[in-house]
Amino acid sequence: MELVQKKNSYMFRFRDGTPSPPIGITAVGWEDNFAGYSFDGLTRTDGGGPYLFQYTLSGRGEIRIGDRTFPLGPGKAFMIPFYGDYRYFLPGDSDHYECIFISLEGDEVAKCWSALEGALGPVFYLPDYSVPIRTLKYIHHEASMKQITDAYKASAMGYQFVMELYRFRKGYDLQKKWPDVVAEAAKLLQEQYGEIDGLDGVAARLGVTKSHLIKLFHRTVGKTPIEFLTKVRMEKAVELLRRPDLSVEAIALAVGYADVSYFVKVFRKCFGLPPGRFRKNHSTDHVVLFD
């Protein structure tokens, strides 16, 4: 197989005399990699860093950090010093590895890396609709539209991304204290939002009654499982609305609504606009649905 690499990456070098910010972006990219893809932290010569965050969108890669090797399937992320004892690559039994990445610099980035590694380990999972990943996709979109024009905007966007990573870590710490049934239920709702048809099946898979699940989930999380699921679905719907090739009907089905009219009703309740008008008015906005 030939070496093929589809790249859509942007590097930033600002020379306007701006003082060094606590957080800065040096590169952001979205790549689909095929045979021959490999980067070794001890020998790489491309510029970047001093920290790299990378997230798997599809396919499968692997990363060796020290003497440990981790699979990089969809949803897996890592954050590492740009230069060091690691190698990430396309394994021989994988046909491609699609990822989005951001290279960051600044004192606050080093603190974030230390905090993430301490809480989550060197490789961790984030849903593709999670706020850190949506923020990263937004940064990439702004770069592709040539909207990151100076160090101040790059720093502000880098700061937002790092703060969302901190927020994610805080939520992860809280979830570690959740009862196992609640944590498993939340995981199912986050990962299978497009397939879940009511709570009976979720409760049965967890071996509890639906009423017990609802009460325990609400007491622990502060919202019912359906409210939690709706938030997940709406966040994913907002992301899909950025794709002009998808109809509102297709998006409704993708996020778990067989009845498009009901999807529109729920969406309007959350955002004050139907999906079609939201797409027209906010197609380039970065939207976060807060609790």
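Here, each number is a calculation from the coordinates, and none is a lab measurement. Note that the structure is a prediction, hence the values are computed from the model and not measured. We place every Cβ from the backbone using ideal geometry, glycine too, and count neighbours over all the protein chains shown.
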Springs between alpha-carbon atoms under 10 Å, Gaussian network over the chain: tell me which of 230, 26, 43 tops the mean-square fluctuations. 43
List, in order, the whole-Hz ³J(HN,Hα) value for each residue of the range 192-206 obtained from phi through the Karplus relation with A = 6.51, B = -1.76, C = 1.60 and θ = phi - 60°; use x for Gly and Pro. 10, 4, x, 10, 6, 10, x, 8, 4, x, 4, 4, 5, 5, 8
Here the FRET efficiency for residue 265 versus residue 208, based on Cβ atoms and R0 = 30 Å and rounded to 0.05, is 0.50
Where does the chain land at 222 nm, in deg cm²/dmol rounded to the nearest 500, when only DSSP H runs of n ≥ 4 count, each adding -39500 (n - 2.57), divided by all residues? -14000 deg cm²/dmol
dims of the range 145-249, Cα set, principal axes, largest to smallest, nearest Å -> 55, 36, 17
Round to the nearest 10 and give me the degree value, 0 to 90, for the angle of helix 131-144's Cα axis relative to the longest principal axis of the chain. 50 degrees
For residue 12, other-chain or 5+-apart residues with amide H closer than 5 Å (H placed, Pro excluded) are 27
Using DSSP loop states and a limit of at most 10 other Cβ atoms within 10 Å to flag GluC sites (Glu not before Pro), what is the longest stretch of the chain containing no flagged site? 3-194
Need the full-extension length gain, residue 144 to residue 68, defined as separation in residues times 0.36 nm minus the C-alpha distance. One decimal, nm. 23.9 nm
Ordered by number, the chymotrypsin sites (Phe, Trp or Tyr not before Pro) in the range 45-90 that occupy a DSSP loop and have at most 16 other Cβ atoms within 10 Å are 83
Based on a Kirkwood Rh over C-alpha pairs, give the Stokes-Einstein translational diffusion coefficient of the range 130-193 at 37 °C and viscosity 0.692 mPa s in µm²/s. 241 µm²/s
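Within the set 137/231; 153/176; 170/215; 76/210, which residue pairs have Cα atoms separated by over 27 Å? All intermediate terms of the calculation are to be shown ahead of the outcome.
Values: 137/231 19 Å; 153/176 35 Å; 170/215 24 Å; 76/210 31 Å.
As for pairs spanning more than 27 Å Cα to Cα, those are 153/176; 76/210.
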With a Förster distance of 25 angstrom and the Cβ-Cβ distance between residue 197 and residue 243, calculated FRET efficiency to the nearest 0.05 equals 0.55
Do any chymotrypsin sites (Phe, Trp or Tyr not before Pro) in the range 189-291 lie in a DSSP loop with no more than 12 other beta carbon atoms within 10 Å, and if so, which? 290
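With +1 on each Lys and Arg Cβ and -1 on each Asp and Glu Cβ, how big is the dipole of the chain about its Cα centre, in debye rounded to the nearest 20? Can you show the working numbers first?
Numbers: 37 positive and 35 negative charges, 203 e Å.
Dipole about the Cα centre, nearest 20: 980 debye.
Taking 0.36 nm per residue of sequence separation and subtracting the Cα-Cα distance, how much length would be gained by fully extending the chain between residue 57 and residue 42, in nm to one decimal? Show your work: numbers first, answer last.
Numbers: separation 15, 0.36 × 15 = 5.40 nm, distance 2.54 nm.
Gain in length upon complete extension: 2.9 nm.
Which whole number in µm²/s is D for the chain by Stokes-Einstein, with the Kirkwood Rh taken over Cα pairs at 25 °C and 0.890 mPa s? List each step's numbers first, then the result.
Values: Rh = 20.6 Å.
This corresponds to a translational diffusion coefficient of 119 µm²/s.
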In whole Hz, what ³J(HN,Hα) sequence does the range 253-266 give by Karplus (6.51, -1.76, 1.60; θ = phi - 60°), x for Gly and Pro? 5, 5, 9, x, 10, 6, 9, 5, 5, 5, 4, 4, 4, 5
Show me the three semi-axes of the equivalent ellipsoid for the range 71-190, from the C-alpha gyration tensor (sqrt of 5 times each eigenvalue), largest first, rounded to whole Å. 25, 20, 16
Under a point-charge model restricted to the Cβ atoms of Lys and Arg (+1) and Asp and Glu (-1), what is the dipole moment magnitude of the range 49-98 relative to its Cα centre, in debye to the nearest 20? 120 debye
Specify the angular offset, from 0 to 90 degrees and rounded to the nearest 10, of the alpha carbon long axis of helix 151-175 from the longest principal axis of the alpha carbons in the chain. 50 degrees
In degrees, nearest ten, helix 210-221 long axis to first principal axis of the chain (Cα): 40 degrees
